Amino acid sequence: MPNLKDIKSRINSVQNTKKITKAMKMVAAAKVKKAEYTVKAARPFSDELLHLFRKMLATVNEYSSHGLKLERALDNYAELIKPREVKAEGLLVITSNKGLAGAYNANIIKAAFKRIKENNANGIKTYIYPVGLKAISAFKNKKNSDFVLKKGYSAVANDPTATAATLIAEDLAEDFVKGELDRIDLITTHFNNMMSYSVVAWEILPVKVEKGDAKDVDPLMMFEPSPHAILQQLVPMYITNSIYQALLEANASELASRMTAMSAASNNAEEMINNLTVDYNKVRQAAITNEIVEIVSGASSVNN
């Protein structure tokens, strides 16, 4: 049976752990409300931008960058939206920099390796662009011939901004225009609410045009200066915004998952403290009882 000192030490240790998990829960709770507002406020714009993009693609039959000024790969819209036979896929995998968020990072990485396995079965080479230290570490530790590890991004995981999304989009677009990639997808999480999220795969390029998209365009609509010039502005905006929206969704999901995990850890610590306190009281009572028995036994011996 453990002594009083050992049990007391364990109680103090668990109490210290509870303080940490409770503090982390409070920090995550303070941040997740802002993240929730940001991600929900951004969704209508992202949905409308995708709808507009599809309508434009359904309307313009021929894509050409002739006569357009191309300063970067993102400006070469004709190459970015041209259908290709998929032999290589660029996969942007978005995780966090820190752990202690339940199974959040593990679920995303598991989905990524599942996609890699599917691509290998279909003869498609996978190029991984990891976001967050957890993804970078996971793919570095399991580096093999099944995929190619490309440039990683760690700072953006803590601070999702449109500028960071643009930098990622430029790297992906450059590899796409060079012909290294034939498809660009990303794996992130969709923020449902404070208690749940879903691991999802988003298709960025090529864009699938729905049959009804062309019907939404007014036949009298005029495009100035030209549909091609509009697409040159719209394509980079669509790619960048898709990545930015994914980063926002991931950030909110991570904070919600961390808040839930730290809440459960705090509750478990409280339960453990209660159980240890009961054990402590039992041991102390047994020690007191033994002392009383020894005193009584000693007194009886003297009297006899």
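Every number here is computed from the coordinates shown, using simple stated rules; none is lab data. Here the structure is a predicted model, which is why all the values come from computation and not from measurement. Cβ: placed from backbone, ideal geometry, glycine included. Neighbour counts: every protein chain shown.
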| field | the range 269-286 and the range 87-145: distance between their alpha carbon centers, rounded to Å | value | 44
| remark: The alpha-carbon pair-distance distribution computed for the chain, with 20 angstrom bins and whole-percent values, is 27, 42, 17, 9, 4, 1
| field | Theoretical ellipticity at 222 nm over the chain - DSSP helices of four or more residues, -39500 (n - 2.57) apiece, nearest 500 | value | -22000 deg cm²/dmol
| remark: Most exposed to least, judged by fewest other Cβ atoms within 10 Å, Y77, Y280 sort to Y280, Y77
| By how many degrees, between 0 and 90 and to the nearest 10, does the Cα long axis of helix 162-178 differ from the longest principal axis of the chain? | 50
| R0 of 30 Å, Cβ-Cβ distance T277-A30: FRET efficiency to nearest 0.05 | 0.45
| task | Give me the angle, in degrees from 0 to 90, between the Cα long axis of helix 227-303 and the longest principal axis of the Cα atoms of the chain, rounded to the nearest 10. | result | 10
